[in-house]
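Below you'll find the structure, written out as structure tokens, and then a few comments.
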Amino acid sequence: MKLAEKYGDRPAEEFPMLFQRILQNGVRDHYRRTKVRSTWTTLFSTLTGKDDDEDRDFLENLEVENTSKLANTPHGQLEQAQVLSVIEAEIAKLPPRQREAFLMRYWEDMDVAETALAMGCSEGSVKTHCSRATHALASALKAKGISL
């Protein structure tokens with residue numbers, strides 16, 4: 001579809017090359033998206049302690065008064081509350097555009113195109129903002145001694 005929509009005016013000799021490039025980029029984007037989402041899914045699932053429910057909403061599971069396996073004891077509840085507050089504080093410290101892109105992409109589960117439209121920027125900018133936010137959060141958590 002993308003070939004027909006964007007390159008329909010090109011000569012037929014260019015179609016195989018254009019199709020190959022579109023296909024490669026689509027596959028690459030899919031695997032990048034899957035890798036990033038699985039990183040955050042893994043990160044948040046360690047906080048919730050739930051492995052059996054794949055259709056869960058991470059925002060609901062990140063509540064401090066949660067009854068997950070990690071929070072069965074007062075000590076576990078305290079640790080979870082502290083980790084969550086650190087994550088929230090680090091997200092709040094992100095530059096506004098990075099925070100906006102990060103929250104839309106990974107917590108609102110919007111795709112790159114939807115996020116770009118909502119933010120009024122290009123898809124490449126959304127990817128850049130998300131990448132920088134992810135790296136900044138990972139570095140900040142690691143610096144505070146939090147490994148998830």
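Each reported figure results from applying straightforward, stated rules to the coordinates on display, with no laboratory input. All values reported here derive from a predicted model rather than from experimental measurement. A quick note on method: Cβ atoms are made from the backbone with ideal geometry, for glycine too, and the neighbour counts reach across all protein chains shown.
Odds and ends about this structure:
- One chain, two ends: Ser125 and Glu13. Fully extended at 0.36 nm per residue, the span grows by 37.1 nm beyond their Cα-Cα distance.
- The Cα atoms of segment 89-148 define a convex hull whose projected area, averaged across directions, is 3.9 nm².
- Here the extension length gained between Leu117 and Lys93 equals 6.3 nm, from 0.36 nm per residue of separation less the Cα-Cα distance.
- Computing FRET efficiency as 1/(1 + (r/R0)^6) for His75 and Glu108, where r is the C-beta to C-beta distance and R0 is 30 Å, gives about 0.35.
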